[in-house]
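Asks: A single structure is presented below for examination.
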Amino acid sequence: MSWTSPDPTVPRLPRSVPAISPTFEGPGPGVTALLRQVQPLVELRVPFKVGRDAVDDVERGSNDSDWQPVKDAARAMAFTEDRAVFEGYEAAGIDGLRRRTSHPVHALPVETREYPDAVSRALTTLRRAGVAGPYSLLLGADAYTLVSETSDHGYPITEHLSRMLDAPPIWAPAVDGAFLLSTRGGDFELRLGEDLAIGYTAHDANEIELYFRQSLTFLVYTDEAVVALGS
């Protein structure tokens, strides 16, 4: 998977251009025409408020001001981005990995001790499709907790999975189930028009209204490079 940051000379990228359509009838003799397929960027905003007292306390050297609204907003933005990548965001034209994978969904076993077998089958699916590694296993919150707390004959399941993948499973609380994907590069791209920034809305005597903002889209170039696992 790759991430494209915005060009510093172009702070706001209006469109992403992933492909060109087949030719169609040109406007005149000897002229051919191609219609560029464009993927729009979606701008996401998450508003939050901070108390003016909390800001004043920081200016006076405090290290324990109440920044929970900021943390909650940042978490909401991070979850939204992850959900768009893995589960899709149809209104913004983002298919997501679950919808785009060309492989059938692999079942996540009810018995956690059987997770390594399920992951092994998913690995075989990728390899048979010609998708090389390295690979990453992303587990939703429930699956990650089960894996972290379960052992088989005294051997932790998470260690078993780590040996299979040459990397530990990744905690991905925004996703449902799990995903196994190649990280060789070139298969997926998260394209940013503007990275995470803070904007100002208004203020009064007690609070300051702010928001997190970023613009992005997600492109899938290789449908066979990911396997979704779920119930």
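Asks: Where residues in the stretch 177-206 are among the hydroxyl-bearing types (Ser, Thr, Tyr) and out of contact with any Ser or Thr (no Cβ under 9 Å at 6 or more places or on another chain), which of them is surrounded by the fewest Cβ atoms within 10 Å (Cβ to Cβ)?
Replies: The extreme case among them is TYR200.
Asks: Hey, another quick one. Of the residues that make up the stretch 153-161, is at least one among the polar types (S, T, N, Q), within 17 Å of ARG98 (Cα to Cα) and surrounded by 17 or more Cβ atoms within 10 Å (Cβ to Cβ)?
Replies: No: zero hits.
Asks: Additional query: For the stretch 32-59, give me each residue that is at pLDDT below 90 and part of a loop (DSSP other than H, G, I, E, B).
Replies: Listed by number, the list holds a single entry, THR32.
Asks: Being within 25 Å of PRO69 (Cα to Cα), buried (at least 20 other Cβ atoms within 10 Å of the Cβ) and hydroxyl-bearing (Ser, Thr, Tyr) is the filter here; which residues of the stretch 207-231 pass it?
Replies: SER215, the sole residue that qualifies.
Asks: May I ask you to list the residues in the stretch 48-80 that are surrounded by 15 or more Cβ atoms within 10 Å (Cβ to Cβ) and of a type in the set (Ser, Thr, Tyr)?
Replies: The answer is SER65, THR80.
Asks: For the stretch 81-93, indicate whether the set of residues that are at negative phi and assigned to a loop (DSSP other than H, G, I, E, B) is non-empty.
Replies: Yes, because at least one residue in the stretch 81-93 is at negative phi and assigned to a loop (DSSP other than H, G, I, E, B).
Asks: Could you figure out which of (1) in contact with a Leu (Cβ under 9 Å, 6 or more places away or on another chain); (2) at pLDDT 75 or above isn't true of PRO29?
Replies: (1)
Asks: Sticking with this one: How many residues are touching a residue at least 12 places away in the same chain (Cβ under 8 Å), charged (D, E, K, R) and out of contact with any helix residue (DSSP H, G or I) (no Cβ under 7 Å at 6 or more places or on another chain) if we restrict to the stretch 150-202?
Replies: 7
Asks: Which numbered condition trips up ALA174, out of (1) on the phi > 0 side of the Ramachandran plot; (2) surrounded by 14 or more Cβ atoms within 10 Å (Cβ to Cβ)?
Replies: It fails just one condition, (1).
Asks: Could you say which residue among SER102, SER65 is at pLDDT below 95, in a loop (DSSP other than H, G, I, E, B) and not aliphatic (A, V, I, L, M)?
Replies: Criteria check complete, one pass: SER65.
Asks: Scan the stretch 81-118 for residues that are among the aliphatic types (A, V, I, L, M), buried (at least 16 other Cβ atoms within 10 Å of the Cβ) and closer than 15 Å to VAL175 by Cβ and report the count.
Replies: Residues that pass the stated criteria total 5.
The values are calculated or read from the model by the stated rules, or taken from the named source; none is laboratory data. Since the model is a prediction, treat every value here as computed from it, not as a measurement. Heads up, the Cβs are rebuilt from the backbone with ideal geometry, glycines too, and the neighbour counts pull from every protein chain shown.
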